[in-house]
Amino acid sequence: MRDEDFEIFIDELGEATSKQLVPLSSFNKYQDVLPDVLLKYWKEEGWCSYSNGLFWTVNPEEYEHIIDIWLEDTVFEEIDTYHVIARTAFGELFAWGEKYNREITISCPTNNIIALLDEVKISSRDPELEMQTFFAMATKEAFDMEDDSGNSLFTQAMSKLGKLSEQEIYGFEPALILGGAMNIDNIVKLNADVHFNILRQLSEPNVTTLDYK
């Protein structure tokens, strides 16, 4: 049975548009590593895409090598061991720390790693609530990107290129870090794994620490 926070998530993003059953081996691997409520979502919902692929819940194991290269030689490598739990159509990765139970965002297209300065090194008092809040606060606008006119790039990309498969993202060619423009003419379908690796090789990521105080 869905909890109130996940119902809010579904109200915002809609029912899953594709679904993959989670194998028992994954529950065994991430038990006592990730919050129980996330494993509950895996059991009830599976690994899914929402809003036609705008947002995806994913198998963390498939992203282990990606997060390793993106966090290498950054402060986060020393702070915690992180696991990717979700991603967007454009390659923003949401990673969860198993020690402190805090989320960081790795924005591969913009070459940024984003975290809350006041929280990232402090253990969450309630990891289950922290995870539920992550889903309850999700919005389509937060997962999308906009062109210079403020129009949804996801809507334009899906109309022009079609829906994404599980292994694909909408990427920019040339990459934004190389001066590529953030518009529909610059978006193509790309293999996610390959593109994440290429983007990381182009430059060291910027670290953006947010402070709400």
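The values are calculated or read from the model by the stated rules, or taken from the named source; none is laboratory data. Remember, it's a predicted structure, so these values are computed and weren't measured experimentally. Because the Cβ atoms are built from the backbone with ideal geometry, glycine has one as well, and the counts that use them run over all protein chains shown.
Residues to consider are Glu128, Glu141, Glu173; find the one that is within 15 Å of the chain's Cα centre (by Cα) and charged (D, E, K, R). Outline the logic, then answer.
Details: Glu128 fails: within 15 Å of the chain's Cα centre (by Cα); Glu173 fails: within 15 Å of the chain's Cα centre (by Cα).
One residue alone meets the criteria, Glu141.
Going through the stretch 16-69 one residue at a time, which ones are among the hydrophobic types (A, V, I, L, M, F, W, C), surrounded by fewer than 16 Cβ atoms within 10 Å (Cβ to Cβ) and in a helix (DSSP H, G or I)?
Answer for the stretch 16-69, where residues must be among the hydrophobic types (A, V, I, L, M, F, W, C), surrounded by fewer than 16 Cβ atoms within 10 Å (Cβ to Cβ) and in a helix (DSSP H, G or I): Leu24, Phe27, Ile69.
Write out, first by first residue and then by second, each pair whose Cβ atoms fall under 6 Å of each other, whose residues are 6+ apart or on separate chains, and whose first residue, in the stretch 10-32, is within 21 Å of Pro60 (Cα to Cα) and free of Cβ contacts under 8 Å to residues at least 40 places away in the same chain while the second is part of a loop (DSSP other than H, G, I, E, B) and not aromatic (Phe, Trp, Tyr).
So the pair list comes out as Lys19/Gly46; Leu21/Gly46; Val22/Gly46.
Output the number of residues of the stretch 57-95 satisfying the condition of being among the small types (Gly, Ala, Ser) and without any contact (Cβ under 8 Å) to a residue 60 or more places away in the chain.
2
Can you name the number of the only condition in (1) touching a residue at least 60 places away in the same chain (Cβ under 8 Å); (2) touching a strand residue (DSSP E or B) at 6+ places or on another chain (Cβ under 9 Å); (3) closer than 29 Å to Asn186 by Cβ that Thr139 fails?
Of everything listed in (1) touching a residue at least 60 places away in the same chain (Cβ under 8 Å); (2) touching a strand residue (DSSP E or B) at 6+ places or on another chain (Cβ under 9 Å); (3) closer than 29 Å to Asn186 by Cβ, Thr139 misses just condition (2).
For Thr110, work out the one condition from (1) hydroxyl-bearing (Ser, Thr, Tyr); (2) closer than 19 Å to Leu34 by Cβ; (3) in a loop (DSSP other than H, G, I, E, B) it doesn't fulfil.
Only one criterion in (1) hydroxyl-bearing (Ser, Thr, Tyr); (2) closer than 19 Å to Leu34 by Cβ; (3) in a loop (DSSP other than H, G, I, E, B) is unmet by Thr110, namely (2).
Take Ile104 and decide whether it is without any contact (Cβ under 8 Å) to a residue 40 or more places away in the chain and not in a helix (DSSP H, G or I).
So Ile104 passes the test.
So, in the stretch 72-95, how many residues would count as being touching a Leu at 6+ places or on another chain (Cβ under 6 Å) and assigned to a strand (DSSP E or B)?
Of the residues in the stretch 72-95, 2 are touching a Leu at 6+ places or on another chain (Cβ under 6 Å) and assigned to a strand (DSSP E or B).
Can you pull out every residue in the stretch 177-195 that is surrounded by 18 or more Cβ atoms within 10 Å (Cβ to Cβ) and aliphatic (A, V, I, L, M)?
Ile187, Leu190, Ala192
Looking at the stretch 88-131, which of its residues are touching a Cys at 6+ places or on another chain (Cβ under 9 Å) and acidic (Asp, Glu)?
Glu92
Quickly run through the stretch 77-118 and pick out the residues that are more than 12 Å from the chain's Cα centre (by Cα) and of a type in the set (D, E, K, R).
Glu77, Glu78, Asp80, Glu98, Lys99, Arg102, Asp118
Look through the stretch 148-170, keep the residues that are under 20 Å from the mean Cα position of the chain (by Cα) and in a loop (DSSP other than H, G, I, E, B), and return whichever of them is surrounded by the fewest Cβ atoms within 10 Å (Cβ to Cβ).
Across the stretch 148-170, the extreme among qualifying residues is Gln167.
Please find, among Ala181, Ala138, the residue that is over 27 Å from Asp73 (Cα atoms), among the hydrophobic types (A, V, I, L, M, F, W, C) and at pLDDT below 95.
The unique qualifying residue is Ala181.
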